[in-house]
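Participant: Sharing a structure, written as structure tokens. Questions coming.
A short reminder: the numbers here are calculations on the coordinates, not readings from a lab. Quick caveat, the model's predicted, so the values are computed rather than measured. Every residue, glycine as well, gets a Cβ built from its backbone with ideal geometry; the counts of neighbours run over all protein chains shown.
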Amino acid sequence: MKRLAELMQQRQAGSGLERAFFTSEYIFRQDVHRIFLANWLFAGHASAIRNPGDYFLFEIADDSFIIIRDDRMQIQALSNVCRHRGSRICLEAQGNARSLVCPYHQWVYRPDGALLRARLMPAAFDLSAHGLRPARIEIIEDLIFVCPSEKAPEFDSFRACMGPRLRPHDLPHAKVACKKEYDIAANWKLVVENSRECYHCGVAHPQYCKAVTFAAAVGSEIAQVEAASAEEKAREEVGNLGLPVDEVFFLPDSWYHYRRFFLRPGHVTESMDGRPVAPLMGTIPTRNTGVFAIVTLPNCLLEANGDYVMTLSITPKAPRLTHAEVCWFVRSDANEGTDYDVQRLTEFWRLTSEQDWELCENNQRGVNSSKYVPGIYAPSEGGVEHFVQWYIKQLQPK
């Protein structure tokens, strides 16, 4: 295989990556180290850990982090590695642990990571020097972001930008109505690339295109004009309600993007029939306010309708294996069976996601071939080009 620096240098703007970027174990390890362990990652929602000692595991390839609420109700992100011999401490994906006890030699840690007891160690042993290693953590509207690196990228501008825009959906008073997890037989970059373009939507996502104004407009000049006109009218109406309708673009060095897009006549939310699936969230004033979408690189897509929020997050597991988690949030006082039906709530994004996973897995099988040669991006694949440029820059020596 060519050296990584050479592969990056020979990549042509507007074209795809070489096969090794999607298949090589070495490049996969570089991806984990230089990208996933060095950037802000969406890990989950605070409602999953409401009580002291509640935790869930957030895993990135071989690294595992305990996201836990401590005795002071603060949320911590702790490396799931005992400071004695390195054993995993929490073995279950989620649970409650008022003390974190290593199953190997029973070292005991508090939920804030401090070492409380180290059985049979000498009297002079310094407990304070052997706490669990923390990761950086930031919380915005109860969305938990973790950065394992001590040199975390700046977060304040993201908070200032997205906090006010998320606030009408009142995520601190939301709950997870459903969660689906998938293992996708494809490299994580193929999954991200798929999410950054709708060139494939017309054929692959007929249900999505039926709901979303821009989705079926690719390739048809008349459809593009009609979609743009409908979106401009909807944008004005929603702006008059006091909701944000501007767009925050990906800049060359930025890791987040946001926009509001709109639905077709007859659709007031992203559902199979366009009809509401849950009560309005937060202070959203009316149905049919469009969809508020945030993308954060490298691992999160959030789409907020007036009545529910969907998050899709990914983490790498192996060169050709990616873990995805899709969550649906509704207001916390909504009752299942009366205010919402889980099947109706989830079917739109379950179908759309599973259609995408099939595309990504087929893409990986093709890229695996010795006959694969990187192709040229279409004009509508600008989001893919931005992602690849961002990715290549992340791999550059700092």
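Participant: Helix-derived [θ] at 222 nm for the chain: sum -39500 (n - 2.57) over DSSP H runs of at least 4, divide by residue count, nearest 500?
Facilitator: Mean residue ellipticity at 222 nm (helix-derived): -8000 deg cm²/dmol.
Participant: Towards the positive end of the charge dipole of the chain, with charges on Cβ (+1 Lys, Arg; -1 Asp, Glu), say which of Ile140, Ile392, His200 has the farthest Cα.
Facilitator: Selected residue: Ile392.
Participant: Principal axis lengths of the range 163-395 from Cα atoms, whole Å, largest first?
Facilitator: 54, 38, 33
Participant: Further question: Compute the FRET efficiency between Gln10 and Arg119 as 1/(1 + (r/R0)^6), taking r as their Cβ-Cβ distance and R0 = 45 Å, and round to the nearest 0.05.
Facilitator: It comes out at approximately 0.20.
Participant: Now, a different point. Could you work out the local net charge near Gly290, counting Lys and Arg as +1, Asp and Glu as -1, over the other residues with Cβ closer than 9 Å to its Cβ?
Facilitator: It works out to a net charge of +1.
Participant: Moving to a separate point now. Looking only at Asp112, Asp356, Asp156, which one moves most when the chain is put into a Gaussian network model with springs between Cα atoms under 10 Å?
Facilitator: Evaluated over the chain, the most mobile residue of the options is Asp156.
Participant: By how many nm would the segment from Glu25 to Thr286 lengthen if fully extended, with 0.36 nm per residue of separation less the alpha-carbon distance?
Facilitator: Separation in residues times 0.36 nm, less the Cα-Cα distance, equals 89.0 nm.
Participant: Sticking with this one: Amide H neighbours of Thr289 under 5 Å, at least 5 residues apart or on other chains, H built in the peptide plane: list them.
Facilitator: For Thr289, whose amide H was placed from the backbone, the distant partners under 5 Å are Gly306.
Participant: Which of His267, His130, His323 moves the most in a Gaussian network model of the chain with Cα springs under 10 Å?
Facilitator: In this elastic network of the chain, the residue with the biggest mean-square fluctuation among His267, His130, His323 is His130.
Participant: Using the C-alpha atoms of the range 41-140, what convex hull volume per residue, in cubic angstrom, is computed?
Facilitator: Normalising the Cα hull of the range 41-140 by residue number yields 96 Å³.
Participant: Once you've got the GNM for the chain with C-alpha springs shorter than 10 Å, pick whichever of Gly375, Gly274, Gly337 has the biggest mean-square fluctuation.
Facilitator: Checking each option, the largest mean-square fluctuation is seen for Gly337.
Participant: Also: Once amide H atoms are placed 1.01 Å from N in the peptide plane, what residues at a sequence separation of 5 or more from Asp54, or on another chain, have their amide H within under 5 Å of its amide H?
Facilitator: Under 5 Å from the amide H of Asp54: Arg69, Ala97.
Participant: Hey, what did the range 94-195 get for relative contact order, percent, Cα under 8 Å, at least 6 apart?
Facilitator: Across the range 94-195, relative contact order equals 13 percent.
Participant: Another question, then. Tell me the relative contact order for the chain as a rounded percent, counting alpha carbon contacts under 8 Å between residues six or more apart.
Facilitator: 20 percent
Participant: Sticking with this one: Ranking Cys327, Cys209 by Cβ neighbours within 10 Å, fewest first, what do you get?
Facilitator: Cys209, Cys327
Participant: Next question. Residues with amide H under 5 Å of Ala43's amide H, sequence separation 5 or more or different chain, H placed in the peptide plane at 1.01 Å from N; which?
Facilitator: So Ala43 has HN proximity to Ile144, Phe145, Val146.
Participant: Pairs of Cα atoms under 8 Å, at least six residues apart: use those to get the relative contact order of the range 163-395, whole percent.
Facilitator: Once normalised by length, the contact order is 29 percent.
Participant: For the chain, give the magnitude of the charge dipole about the Cα centre (Cβ charges: +1 Lys/Arg, -1 Asp/Glu; no others), in debye to the nearest 20. Walk me through the numbers before you get to the answer.
Facilitator: Values: 44 positive and 49 negative charges, 269 e Å.
About 1300 debye.
Participant: Note the direction-averaged projected area, equal to a quarter of the hull surface, for the Cα convex hull of the range 25-75, in nm².
Facilitator: Mean orientational projected area (the range 25-75, Cα hull): 3.8 nm².
Participant: Still on this model: Check the chain for me: any Cys whose beta-carbon has no other cysteine beta-carbon within less than 4.7 Å?
Facilitator: Cys90, Cys147, Cys161, Cys178, Cys209, Cys300, Cys327, Cys360
Participant: Work out the FRET efficiency for Glu92 and Gln396 from their Cβ-Cβ distance, taking R0 = 45 Å, and round it to the nearest 0.05.
Facilitator: 0.70
Participant: Report, to one decimal in Å, the Kirkwood hydrodynamic radius for the range 105-151 based on all distinct Cα pairs. Please report the intermediate quantities before stating the final value.
Facilitator: Values: mean 1/r = 0.0787 Å⁻¹.
Value: 12.7 Å, from the Cα pair sum.
Participant: Okay, next question. In terms of the ratio Rg/(2.2 N^0.38 Å) built on C-alpha atoms, what value belongs to the range 237-348? Walk me through the numbers before you get to the answer.
Facilitator: Numbers: Rg = 15.5 Å, N = 112, 2.2 N^0.38 = 13.2 Å.
Taking the Cα Rg and dividing by 2.2 N^0.38 Å, one obtains 1.17.
Participant: Count the net charge of all other residues whose Cβ sits under 10 Å from the Cβ of Ala211, scoring Lys and Arg as +1 and Asp and Glu as -1.
Facilitator: 0
Participant: While we're looking at this one, here's another question. Of Lys371, Lys179, how do they rank once you tally other Cβ atoms within 10 Å and put the fewest first?
Facilitator: Working: Lys371 6, Lys179 15.
Sorted ascending by nearby Cβ count, the order is Lys371, Lys179.
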